[in-house]
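In what follows, a structure is listed as structure tokens, so that the remarks can point back to it.
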Amino acid sequence: MPFAYSPPEYLENHQFFRQRNNRQHKRMIGEYSMGCKRTALPLLAVLTLFGLSACNKFSLIKDNAAAAASPAPETDTAVQVAYTPEIQETVAPDLNQETSFNAAEPQLNQPPVDLWERIRKGFRMSTPGNPRIEREIKWYAKHPEHLVRIRDRAAPYLYFIVEEVEKRGMPTEMALLPAVESAFQPFAYSPGRAAGLWQFIPSTGKSYGLKQNWWYDGRRDVVAATGAALNYLKSMSRDFNGDWELALAGYNAGAGNVRSAIRRNQKSGKPTDYWSLKLPRETLSYVPRLLAISLIIANPKAFGLDLPEIENSPVFGSVDTDSQLDLALAADMADISIKELYRFNPGFNRWATDPDGPHRLNLPLDKVEAFKVKLAELSPEKRLTWKRYKIRSGDNLGAIARKHHTTVGLLQQINKLKNSRIRAGRHLLIPVSAQSLDQYAYSVEQRNKKLQNVERKGNKVMYTVRSGDNLWTIARRYGVNHKRLAKWNGIAPGDTLRLGQKLVIWTQKSVATTASPSIPSTVPFKTRSTVHYRVRSRDSLSRIAQRFNVKVSDLKKWNKLPGRYLQPGQSIKLYVDVTEQAAL
């Protein structure tokens, strides 16, 4: 349902909401007190019987409510309210019903049924009227479906995150931060190599104890990454004297950048709050975006948004598997699909858990106990499927590991090999997946395969990574943007490529040209130019290749050079991309 958007008066500070509703509640109780006085005689006998004096209580409340109803004096610290939503009046209780005031009190202390309500009660950040917040709200007003998708993605994880936020005494706005970071997509991956709900880059993830290897990426592990992210934010909050806006800015831009901005303002005699700092463009919208979301969550009906409830109860539980376990087998034991297993365990890269841990498996709460029983009955040798492989002439551990989707280290560990030397004719014990790899729907291989199969414009080329390759050189060779090449293959522009890795490249259709009709297919056909270069003293193939951003092997191929040696004065031909030469 689209937002009922009517600028500029469409929103109000959620703290103000709470104050206003409290005044309405007290006024309602005052009216109830007047009803008590009108029916004093019939009620007196009942109240005397129970040893109560409710009318006196309510008279006191009425006096307080009258005082609260008067306008509060304006102070320098008062929050300016830039937005005014439509607030529905609180409905007074039916006095004809036989209800007990004392009996209702325990119900008021019960936790809310809806997780959103629990989150609202923990909001503590101020939300000043600010054009940046207004701009973000306008965006969400135009894209209400975005928040609905976020709600659906957040449902499996949000209760756990709220629990962790409250344990640390943090504002519950922090539980909504993944909506800004990743839209609650655990497999989100940015061009800057940030991964997971909380978008940790590799170095920061390692600093906060998030393991990252071939089997497992802790940045995508909801449990591990949530703990790391909240500890990081808590640390930022201490660094900035409890200012959560500055802490959030530090989380996004780095504490050093925020401190530098503060020092600049101090030297200029300017305020040093978040809203006054000159920060990177992304950081300038980062905090307003979170505050905009929290304001909408605080009162979704004011925007015409139907926000379905999320039950305020745990969704998953964790089981210690003690050692490596095939994920297809684990899913079968838990009576869930492999897809659902990856949904709760997005940190796993492969078909099995990491042999060196963590050995934690998250499962739907109602499946945990039955899984524990089956796990206890499972013998160690049945945790994985094994294959006895006979070593052939020319084999090496690296090639065998790649072929069987495992690692050299694990093969050495299982087969008690002191080094990587193996002999033809001997046997290796190799762990293999229980099902075909296409059944592991959310493994790295299947996510990349699905992404590579997306139809795009142009000609599809499958490229096998060779020694010395990187994304930039491959992109230049095929005349495509290296960032697009990374996106097509679900990797970041700075990622290291593996020998033998398959990449999909979408090229434009070849265009005939008279300037270089016989240019090899590996040369860019876009913005290419033929360069005739005269060899100088001290030149070498590698130096020339580096100067023009081409490969030595291509230089030799284009000029049919038998060796690596050149003669001064010799003329050689190069095919270069002119758009890449300006940066040299």
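Would you work out the Kirkwood radius for the range 454-507? I mean one over the mean of 1/r across all pairs of different Cα atoms, in Å.
11.1
Can you give the direction-averaged projected area of the convex hull of the alpha-carbon atoms in the range 149-208, in nm²?
Convex hull of Cα atoms, orientation-averaged projection: 4.4 nm².
Based on the Cα atoms of the range 385-433, what semi-axes does the equivalent ellipsoid have, where each is the square root of 5 times one gyration tensor eigenvalue, given in whole Å with the largest first?
The equivalent ellipsoid of the range 385-433 has semi-axes of 14, 12, 10 Å.
Only sites in a loop by DSSP and with at most 14 other Cβ atoms within 10 Å count here; which GluC sites (Glu not before Pro) in the range 213-311 make the cut?
Passing both the DSSP loop test and the Cβ count: Glu309.
Among Tyr189, Ala175, Asn109, flag the residue with its Cα farthest along the positive direction of the charge dipole of the range 100-200, charges on Cβ as +1 for Lys/Arg and -1 for Asp/Glu.
My answer, from the dipole projection, is Tyr189.
Out of the range 264-303, which trypsin sites (Lys or Arg not before Pro) are coil in DSSP terms and have no more than 15 other C-beta atoms within 10 Å?
Lys278
On average over all directions, what projected area in square nanometres does the range 128-267 have, based on the convex hull of its Cα atoms?
Dividing the Cα hull surface by four gives the mean projection, 9.8 nm².
Rounded to the nearest Å, what's the spacing between the alpha carbon centres of the range 380-408 and the range 336-375? Just the number, please.
Cα centroid to Cα centroid, the span is 24 Å.
What is the ratio of the Cα radius of gyration of the range 264-408 to 2.2 N^0.38 Å, with N the residue count, to two decimals?
For the range 264-408, the normalised Cα radius of gyration comes out at 1.71.
Please identify every one of the GluC sites (Glu not before Pro) in the range 130-159 that sits in a loop by DSSP and has no more than 15 other beta carbons within 10 Å of its own beta carbon.
none
More than 21 angstrom separation, counting every C-alpha pair in the range 316-378; what % is that?
8
Nearest 0.05, what FRET efficiency do Asp366 and Ser268 give at R0 = 56 Å with Cβ-Cβ as r?
In this case the efficiency is close to 0.40.
Over the Cα atoms of the range 283-337, what Rg and Dmax result, in angstrom?
Reported Rg and Dmax, both Å: 19.7, 51.
Can you give the FRET efficiency to the nearest 0.05 for Lys121 and Glu311, using r as the Cβ-Cβ distance and R₀ = 22 Å?
Taking R0 as 22 Å, the efficiency between Lys121 and Glu311 is 0.85.
Can you give me the P(r) profile for the range 239-334? Cα pairs, bins 5 angstrom wide beginning at 0, each as a whole percent.
Bin by bin from 0 Å, the calculated values are 2, 10, 15, 12, 9, 9, 10, 11, 11, 6, 3, 2, 1.
Values in this text are rule-based calculations from the coordinates and carry no lab data. Computed from a prediction, not measured in an experiment: that's the story for all the values here. Backbone-built Cβ (ideal geometry, glycine too); neighbour counts: all protein chains shown.
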